[in-house]
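Student: Let me give you the structure first, and then I'll get to my questions.
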Amino acid sequence: MDGDLMSYSQLIEKMLAGDKRSCAKLITAVENDPEKAEKIIREIHQYTGKAHIIGITGPPGAGKSTLTDKIVKKLISQGNKVAVIAVDPTSPYSGGSILGDRIRMQDLALNPDVFIRSMGTRGYLGGLSKYTKNALKILDAAGYNHIIIETVGVGQSEVDVVKIADTIVMVMVPGLGDDIQSIKAGIMEIGDIFVINKSDLFGADRTALEVNMMLDLTMEMDRRPPVVKVTAVKNEGIDDLVNEIKEHLNYLKESRKLEERRKANIKLEVLELMEEQLRKIAISHTDSENKLEDEVIEILNKNKNAYEVRDKLLKGMGTHLRESL
Amino acid sequence: MKRPIRVLIAKPGLDGHDRGAKVIARALRDAGMEVIYTGLRQTPEQIVAAAVQEDVDVVGLSLLSGAHNYLFPKVADLLKEQGVDDVLIIGGGVIPNEDIQGLKEAGISEIFTPGTPTAKMIEYIKNNLKRI
């Protein structure tokens, strides 16, 4: 165990010095082993919080990866260090996945200022993987000052990227439905910047118009999100988009919304960690003396109800809880 | 802790045919692996950079152009140069029998030629990983 911890300290040291392989190994560790993740995150926390986190989301085939490629190129041309976490879906049947986002970012592989990592969702439904947040922290600590999270192709309700990103770029394309789609709840509500990609296609003006109309309907808004038309494959409109991304960060800083957003996300993170830990403790408590099994029979036979059993088990958990922490 | 095996499937050099690579990628996916596919016409340097950043367990090289005797060993050498000694390297494609021994000596652990059942390759990968 100690040896293990030692080697992680060494990896962290090397990662902080800019070694990509150590960075990659640390991401593997946080992705696979919650205990190692905890040790690593505890150690690197002080180095995090410096990067501008940009979430890129939108339906499958909207051009998120191609757009990411172009944004990264622009950012590195301005002297930035950029990391990308590209998430693709994991099969619910086999647990396997095809992670194909790198195909659109081939010429970035060798750039010393770029780090790209692909992740499967591994059963997590919010458009990210459960471990994206921890991977992000490692890349942040490693000194990448812009980190792009490319979500899986989303449908209507995968909005978890708001929990970790500062700026959300919502990518849309012409031809995916009428103006009713744009007033629905869900992903249309989370964009800080709306991009109409494939703007050279028929219908792009109409899509832009519909999104603009939807945005103008919202009365209470501190900042009206801009709508940017781009054609990522032709590298058109990318400069405007990158300017808007920077503008948004300035806005967040000046209005103190950055701090607000990050505070809300940290609160959420702590609550999630508590929930996870409590769940673990509760399960080990109820498992320990087969308590749950007997109560289940009681509920089944209508002698008790589920709420009653919950309260009883929780009351009995007090000492177990203290011992577990 | 059980984790999915991560595999990079790469097509080095000037070779525009990736049906085979896609079939392999799909078969590995269905065997529960995370397959990173990087697309066509990759230089050995690009492949190695992707393997490092993705921290894969396996690098699978697919090549049908005839340049395997140059490109496969080049990938193996670059990995070695970067100190990556825990990655299993395998190759596939139209590779003549007489070249296989030389490729193995150059660090490619196994070569799979046309007609190999995907199940055989999956089993090989599972049994020959260089790290747990």
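The values are calculated or read from the model by the stated rules, or taken from the named source; none is laboratory data. Just so you know, these numbers come straight off a predicted model, no measurement behind them. Please note: Cβ atoms are built from the backbone with ideal geometry, for glycine as well, and neighbour counts cover all protein chains shown. We work out accessible area using only protein heavy atoms, side chains counted, and drop any ligands, DNA or RNA first. Shrake-Rupley method; radii C 1.70, N 1.55, O 1.52, S 1.80 Å.
Student: I'm trying to understand the selection: among the residues of the stretch B:74-100, which are away from chain A (no Cβ under 14 Å) and more than 26 Å from residue B:19 (Cα to Cα)?
Tutor: Selection gives B:77 alone.
Student: If you don't mind, another one. Consider residue A:306 carefully, then state whether it is without any contact (Cβ under 8 Å) to a residue 24 or more places away in the chain, among the small types (Gly, Ala, Ser), outside the structural domain of residue A:161 (by TED's automatic domain parsing) and open to solvent by less than 80 Å² (accessible area, probe 1.4 Å).
Tutor: Judged against the criteria, residue A:306 is a match.
Student: Here's a follow-up. So in the stretch A:186-223, with the set limited to residues that are closer than 18 Å to residue A:168 by Cβ and open to solvent by 30 Å² or more (accessible area, probe 1.4 Å), which one is nearest to the chain's Cα centre (by Cα)?
Tutor: The extreme case among them is A:189.
Student: Still on this model: Does residue A:65 satisfy the condition of being under 20 Å from the mean Cα position of the chain (by Cα), closer than 30 Å to residue A:277 by Cα and within 14 Å of another protein chain (Cβ to nearest Cβ)?
Tutor: Answer is no for this residue.
Student: Could you list, in sequence order, the residues of the stretch A:104-132 that are in contact with a helix residue (DSSP H, G or I) (Cβ under 7 Å, 6 or more places away or on another chain), open to solvent by 10 Å² or more (accessible area, probe 1.4 Å) and not in a loop (DSSP other than H, G, I, E, B)?
Tutor: Answer for the stretch A:104-132, where residues must be in contact with a helix residue (DSSP H, G or I) (Cβ under 7 Å, 6 or more places away or on another chain), open to solvent by 10 Å² or more (accessible area, probe 1.4 Å) and not in a loop (DSSP other than H, G, I, E, B): A:104, A:106.
Student: Being open to solvent by 10 Å² or more (accessible area, probe 1.4 Å) and more than 15 Å from residue A:60 (Cβ to Cβ) is the filter here, so list the residues in the stretch A:78-89 that pass it.
Tutor: Keep residues of the stretch A:78-89 that are open to solvent by 10 Å² or more (accessible area, probe 1.4 Å), which gives A:78-81, A:88-89.
Within the stretch A:78-89, A:78, A:79, A:80, A:81 qualify.
Student: Scanning the stretch B:43-56 for residues that are more than 7 Å from chain A (Cβ to nearest Cβ) and either crowded, with 24+ Cβ neighbours inside 10 Å or among the β-branched types (Val, Ile, Thr) (or both), which turns out nearest to residue B:12 (Cα to Cα)?
Tutor: B:43
Student: Looking at (1) out of contact with any Lys or Arg (no Cβ under 9 Å at 6 or more places or on another chain); (2) in a helix (DSSP H, G or I); (3) at pLDDT 95 or above, which is the one condition that is false for residue A:39?
Tutor: Exception for residue A:39: condition (3).
Student: Still on this model: Looking only at the stretch B:4-25, which residues are at the interface with chain A (Cβ under 10 Å from one of its Cβ atoms) and over 15 Å from residue B:92 (Cα atoms)?
Tutor: B:4, B:5, B:6
Student: Can you tell me which residue is least open to solvent (accessible area, probe 1.4 Å) among those in the stretch B:97-115 that are of a type in the set (A, V, I, L, M) and assigned to a loop (DSSP other than H, G, I, E, B)?
Tutor: Only one residue fits best here, namely B:108.
Student: All but one of (1) modelled with pLDDT under 95; (2) assigned to a helix (DSSP H, G or I) hold for residue A:62, so report the exception by its number.
Tutor: Checking residue A:62 against (1) modelled with pLDDT under 95; (2) assigned to a helix (DSSP H, G or I), the one that fails is (2).
Residue-by-condition table, conditions (1) open to solvent by 100 Å² or more (accessible area, probe 1.4 Å); (2) aromatic (Phe, Trp, Tyr); (3) touching a helix residue (DSSP H, G or I) at 6+ places or on another chain (Cβ under 7 Å):
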{"position": "A:252", "(1), (2), (3)": "no, no, yes"}
{"position": "A:285", "(1), (2), (3)": "no, no, yes"}
{"position": "A:301", "(1), (2), (3)": "no, no, no"}
{"position": "A:310", "(1), (2), (3)": "yes, no, no"}
{"position": "A:320", "(1), (2), (3)": "no, no, yes"}
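Student: Okay, next question. So residue A:262 fits all but one of (1) surrounded by fewer than 12 Cβ atoms within 10 Å (Cβ to Cβ); (2) under 30 Å from residue A:248 (Cβ atoms); what number is the exception?
Tutor: Failing condition for residue A:262: (1).
Student: Inside the stretch B:15-34, can you point out the residues that are open to solvent by less than 10 Å² (accessible area, probe 1.4 Å) and closer than 23 Å to residue B:104 by Cα? Give the derivation first.
Tutor: Taking the stretch B:15-34 first, the residues open to solvent by less than 10 Å² (accessible area, probe 1.4 Å) are B:15, B:21, B:25, B:28, B:33-34.
Listed by number, the residues that qualify are B:15, B:21, B:25, B:28.
Student: Something else now. Could you grab the pairs with beta carbons closer than 6 Å, sequence gap of 6+ or different chains, first residue in the stretch A:29-52 and under 23 Å from residue A:80 (Cβ atoms), second one open to solvent by 20 Å² or more (accessible area, probe 1.4 Å) and aliphatic (A, V, I, L, M)?
Tutor: A:52/A:249
Student: What are the residues in the stretch A:227-267 that are part of a helix (DSSP H, G or I) and of a type in the set (A, V, I, L, M), if any?
Tutor: Result: A:232, A:233, A:238, A:241, A:242, A:245, A:249, A:252, A:258, A:264, A:266.
Student: Looking at the stretch A:101-122, I want the residues that are more than 7 Å from every other protein chain (Cβ to nearest Cβ) and have a partner that is of a type in the set (Asp, Glu) and open to solvent by 20 Å² or more (accessible area, probe 1.4 Å) with Cβ atoms under 7 Å, at least 6 apart or on another chain. Which pairs are those?
Tutor: Every condition considered, the pairs that remain are A:101/A:88.
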